[in-house]
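Asker: This structure is in structure tokens; I'll ask about it shortly.
The values are calculated or read from the model by the stated rules, or taken from the named source; none is laboratory data. Note that the structure is a prediction, hence the values are computed from the model and not measured. No Cβ is skipped: glycine too gets one built from the backbone with ideal geometry, and neighbour counts run over all protein chains shown. For accessibility, only protein heavy atoms count, side chains too; no ligands or nucleic acids. Shrake-Rupley method; radii C 1.70, N 1.55, O 1.52, S 1.80 Å.
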Amino acid sequence: MERELALEVVRVTELAALASARWMGRGLKHEADGAATAAMRAMFDSVSVKGTVVIGEGEMDEAPMLYIGEKVGNQEGPEVDIAVDPLEGTELVAKGLNNAMAVVAIAPKGHLLHAPDMYMEKLACGPLLKGRLRLADPLDVTLMKTAQILNKPISDLTVTILERERHKKHIETLRSVGCRIKLLSDGDVAGAIAPAFAQTGVDLYIGSGGAPEGVLAAAALSCLDGELQGRLMPMTAEEEERCRAMGLEDPTKVLTMDQMVGDGDVIFAATGITPGDFLDGVLMLPGQRAETHSLVMRAKTRTIRHIKTSHYLPNKPLSGLG
Ligand code: VTB
Ligand code: MG
Ligand code: MG
């Protein structure tokens, strides 16, 4: 893939973020999501790729745009797989809460796991812990190992997990060993990436969330020298069948980074919509300007770019996007 592609892709996440930021706090998550999706879809037309959406907004009959299998890009560049979440954290934007963002990952064709829309159990960490933990271990063992490797007491570990009834046991374990906990209401792409940024103070991300979100976070972590291990959680025979159809003989086997995002050339871009742990949110400034903060990274070179952009809104193709 051409390196210029990284800078083209960030314009896609920027526009999605600008479009959905207008909906912040208005309690209308579908409208916020629709605006992000329409903006992202429109902007993709100018990107030089022959892209196929492999993780998107749903199947063709339920998603009018960025559906799985949709061809995007100007069909002139390399053949690539594209994973999108135009608005990761619809509820966060609807309520004006932190950590909503627009996300895209791109990899050469065949490299991104076509994660079905089901839960995935995840264990994500930053560079110091990469390759040293096992999703298959009991949580208390993982916490002990983490404390040892990072050379700090368990009570100083910070672990993030979605606040869900299904995580009751995990949260009890975290509390019984006395570590620090960040309970997220939504947004486990940001949650799983955070351990790779030292300034977030987060050591581990654990628990189950969306499988598509797992692949997106794995793409980011492959650029950040972090790691996400995932295990799909099919709940029905039909979901198990879907996993097998994707070529996973044992659907509940732990998936490695390689299996989720291939072995090299991944581009990841995200733009903050509301403020987050490692990305600022969209700022609406006087004079019809808006400022966005994005992260653009490439696994091949491990370059991490923070791009702050001041947009002049009358020049943005935002009308008609909600
Ligand atoms: C997570 C989170 C998303 O879904 O994947 C979560 O990242 C998992 O599903 O923002 P549940 O809400 O059922 O736990 C979201 O919260 C919404 O897509
Ligand atoms: Mg979404
Ligand atoms: Mg999502």
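Asker: Under 1.5 on a/c is rounded, so check that first for the range 1-139, then, if it is not, pick prolate when a/b is larger than b/c and oblate when it is not; a ≥ b ≥ c are the square roots of the alpha carbon gyration tensor eigenvalues. Provide the component values of the computation, followed by the final result.
Answerer: Working: a/c = 1.63, a/b = 1.09, b/c = 1.49.
Oblate, since a/c reaches 1.5 and b/c is not below a/b.
Asker: Among DSSP beta bridges whose residues both lie in the chain, state the antiparallel percentage, nearest 5.
Answerer: Details: 47 of 59 bridges.
Around 80 percent antiparallel, to the nearest 5.
Asker: Further question: Here are some pairs, Lys169/Lys253; Lys50/Lys95; Lys95/Lys130; Lys145/Lys169; Lys95/Lys122; Lys168/Lys308; which of them have Cα atoms lying more than 28 Å apart in this structure? Walk me through the numbers before you get to the answer.
Answerer: Numbers: Lys169/Lys253 22 Å; Lys50/Lys95 36 Å; Lys95/Lys130 34 Å; Lys145/Lys169 19 Å; Lys95/Lys122 26 Å; Lys168/Lys308 39 Å.
Pairs exceeding the cut-off: Lys50/Lys95; Lys95/Lys130; Lys168/Lys308.
Asker: Identify all aspartates and glutamates with a Cα-Cα distance to Lys316 below 13 Å; exclude those on the same chain that are fewer than 8 residues away in sequence.
Answerer: Correct list for Lys316: Glu14, Glu291.
Asker: List the aspartates and glutamates whose alpha-carbon lies under 12 Å from that of Lys152, not counting same-chain residues fewer than 8 positions away?
Answerer: Candidates past the 8-residue exclusion: Asp203.
Asker: Sequence gap at least 6, Cα distance under 8 Å: using those rules, report the relative contact order of the chain to the nearest whole percent. It would help to have the intermediate numbers written out before the result.
Answerer: On the way: 783 pairs, mean separation 66.6, N = 322.
So the answer I get is 21 percent.
Asker: Expressed as a whole percentage, what fraction of the accessible surface of the chain belongs to carbon and sulfur atoms when a 1.4 Å probe is rolled over the protein heavy atoms? Spell out each step's value before the answer.
Answerer: Values: 6770 of 13900 Å².
The computed percentage sits at 49.
Asker: Sticking with this one: Taking a probe of 1.4 Å, how large is the accessible area per residue of the range 166-322, in Å²? Kindly include the intermediate steps, with their values, before the conclusion.
Answerer: Numbers: 6890 Å² over 157 residues.
Accessible area per residue, the range 166-322: 44 Å².
Asker: Over the range 4-145, average the accessible area per residue using a 1.4 Å probe and give it in Å², no decimals.
Answerer: For the range 4-145, the solvent-accessible area averages 40 Å² per residue.
Asker: I would also like to ask the following. Mind pulling the per residue volume of the convex hull built on the Cα atoms of the chain? Å³ is fine.
Answerer: Values: hull volume 40.9 nm³, N = 322.
Given the Cα convex hull of the chain, per-residue volume reads 127 Å³.
Asker: Add -39500 (n - 2.57) for each DSSP H run of 4 or more in the chain, then divide by its residues: what number comes out at 222 nm, to the nearest 500 deg cm²/dmol? Provide the component values of the computation, followed by the final result.
Answerer: Working: 9 runs with 95 residues, N = 322.
The helix-only estimate for the chain comes to -9000 deg cm²/dmol at 222 nm.
Asker: Between Thr236 and Thr256, how high is the FRET efficiency from 1/(1 + (r/R0)^6) when r is the Cβ-Cβ distance and R₀ = 22 Å? Nearest 0.05.
Answerer: Details: r = 25 Å, r/R0 = 1.15.
The pair Thr236/Thr256 has a calculated efficiency of 0.30.
Asker: With springs only between Cα atoms under 10 Å apart, run a GNM on the chain and tell me which of Arg242, Arg22, Arg166 wobbles the most.
Answerer: Arg166
Asker: Can you tell me the relative contact order of the range 122-269? Whole percent, Cα pairs under 8 Å, sequence separation 6 or more.
Answerer: Values: 234 pairs, mean separation 42.7, N = 148.
29 percent.
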